[in-house]
Amino acid sequence: MPRWTLFLVFFSVSMLVLGGVHYYFYRRLIVAPGLPAPWPTVAKVALISLALSFPISFTIGRALTPTTARFVLSPIYVWLGVMLMLFFLLLSIDLLRGIGWLGARLAGREGLVTDPDRRLFLARAIAGGAAAVVTMASGIALWRGLGKLVVKPVEVVLPKLPAALDGFTIAQLTDLHLGAMRQGDWVREVVDRTNQLKPDLIAITGDLADAAPEQLTEEVAQLARLSAPHGVCFVTGNHEYFIDPVGWLKKLTEVGMRVLRNERIEIQRGDAVFDLAGIDDDAGKRMATGHGPDLDKALQARDERRALVLLAHQPRAVFEASKKAVGLLLSGHTHGGQIWPWRYLVYLQQPYVSGLHDHEGTQVYVSEGTGFWGPPMRLGSTAEITLVTLRSPTEKS
């Protein structure tokens, strides 16, 4: 399907959802509490403007330089985070009230609150309480979203890994989303902290950027400083296909990264060896000719006696990986849900949201992401650089 068609579908559905959510806010926060004039009119103008700010942000993000766009996009993205938390909170309250109403009806009563004055007081208390809770949660989320990165150590016992490779380390970066919201000094910090870990190999599992490579020359120069004895490997995420997949893959190759597109390489220390494979993101097959995941191609002519680590952006790649006896899958994509309680909706698309899991004999580690997408906020998730240490079963026994 052409990229413009996908964008049009996404844009149309997004505007319907956004319009519905903002209308819901108007009914619950303005109409139900019975706010006097001129607040209903002010609220209408504000909510319509906020809803329209999202399609405007799509244009701004592409037309301006990332540095300039940051000042315009920041308040829009912050509102996106606030909107998500406020919507979930109000919806949860209304669901509880609906259950209470249904229980009262089944018990033969008219409802929980029938007196008009009490209903108005309750509506105002809910609106004010929800606004206060979300304001506090938003402050915490901003502090965490813009705070320090965490280095998260993970040990994985990898079947078939030779004892000579016990302790091999992989620094995983994923979902940096370089662009308007993540650039400059932050990228330098990520590179410095990754290099300080002195990993044997660095793996970037997709969603590297939300802008074209020519817009991020300084950031590309910083990425070129990533260094490890066994190199830096990269696989595509879905966001690579939203911008310029050909340009990014060419640029990353030029700065010395090994782009794994449905292929496998040998990682060797002395006579000991394991296989590292990488596949395209699933979005590639819909948005770029010749792209898309092909695990069979990546594993062709593989020696099944060797340990195998697979890089794939989305955790759901584990379904196929487990059928191919992959030892470990490193993935990202979910951001750990980024803003609670969004993580629970992620389960509708992905089998795992964060952490290390065993899936039918294949271990999968899902990073919560190094950067963020959209709102510069995190609630219930942590930005991470993951340091994976591979352990040989013979050494652990």
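Only the coordinates and a few stated rules stand behind these numbers; no lab work does. Keep in mind the model is a prediction, meaning the values are calculated, not measured. Heads up, the Cβs are rebuilt from the backbone with ideal geometry, glycines too, and the neighbour counts pull from every protein chain shown.
Miscellaneous remarks
- Charge dipole (segment 143-239, unit charges on Cβ, about Cα centre) - positive-most of Val220, Ile170, Gly206: Ile170
- Thr67 versus His359: modelled label distance in nm, points set 7 Å from Cα along the beta carbon direction: 4.1
- Applied to segment 352-363, the Karplus parametrisation 6.51 cos²θ - 1.76 cosθ + 1.60 on θ = phi - 60° returns per-residue 3J(HN,Hα) values of 9, 10, 6, x, 9, 9, 10, 10, 6, x, 9, 7 Hz, with x for Gly and Pro.
- Label zone at Glu189, where the point sits 7 Å out along the Cα-to-Cβ direction: segment 229-249 residues whose backbone N lies under 20 Å: none
- The phi-based Karplus calculation (6.51 cos²θ - 1.76 cosθ + 1.60; θ = phi - 60°) puts the 3J(HN,Hα) values of segment 44-59 at 4, 4, 5, 5, 5, 5, 5, 5, 6, 5, 5, x, 4, 5, 4, 6 Hz, whole numbers, x for Gly and Pro.
- The chain: relative contact order in percent, alpha carbon pairs under 8 Å with at least 6 residues between: 21
- Maximal additional length on extending the Glu254-Thr41 stretch stands at 71.2 nm, based on 0.36 nm per residue less the C-alpha distance.
- Order of Tyr352, Tyr347 - criterion: other Cβ atoms within 10 Å of each residue's Cβ, fewest first: Tyr347, Tyr352
- For segment 58-145, a Kirkwood radius taken over Cα pairs fed into Stokes-Einstein (10 °C, viscosity 1.306 mPa s) yields D = 99 µm²/s.
- Listed by Cβ neighbour count within 10 Å, with the fewest neighbours leading, Asp244, Asp275 appear as Asp244, Asp275.
- Using the Karplus relation 6.51 cos²θ - 1.76 cosθ + 1.60 with θ = phi - 60°, the per-residue 3J(HN,Hα) values for segment 118-129 come to 5, 5, 5, 4, 5, 4, 5, 5, 5, 4, x, x Hz, with x marking Gly and Pro.
- Rounded if a/c under 1.5, otherwise prolate or oblate - segment 271-363, Cα gyration tensor axes: oblate
- Near-label residues of segment 122-137 by backbone N, under 16 Å of a point 7 Å along Cα→Cβ of Leu102: none
- Amide H to amide H, with H built 1.01 Å from N, Ile385 comes under 5 Å of Val150, Val151, Lys152, counting only residues 5 or more places away or on other chains.
- Placed amide H near Glu263: partners under 5 Å, 5+ positions off or other chain: Gly278
- Calculated over the chain: convex hull of Cα atoms, volume per residue (Å³): 163
- Going by neighbour counts of Cβ atoms within 10 Å, the residues Val232, Val157 line up, fewest first, as Val157, Val232.
- Leading residue at positive end of dipole, the chain (Cβ point charges), from Ala63, Leu50, Gly374: Leu50
- Using 0.36 nm per residue and subtracting the Cα-Cα separation, the extra length available between Leu91 and Ala301 on full extension is 70.3 nm.
- Test item: Cα-centred dipole of the chain, Lys/Arg +1 and Asp/Glu -1 on Cβ, debye: 1060
- Of Val190, Val235, Val154, the one that fluctuates the most in a GNM where the chain has Cα springs shorter than 10 Å: Val154
- Distances between placed amide hydrogens fall under 5 Å for Ile339 paired with Leu379, all partners being 5 or more residues away or on another chain.
- Label-point gap, in nm, between Arg118 and Val31 - each point 7 angstrom along Cα→Cβ: 2.4
- As a length-normalised measure over Cα pairs under 8 Å and 6 or more apart, the relative contact order of segment 127-218 settles at 33 percent.
- Per residue, the average separation of C-alpha pairs within less than 8 Å and at least 6 apart gives segment 192-271 a relative contact order of 35 percent.
- If only the Cβ of Lys and Arg carry +1 and only the Cβ of Asp and Glu carry -1, the dipole of segment 3-145 around its Cα centre is close to 160 debye.
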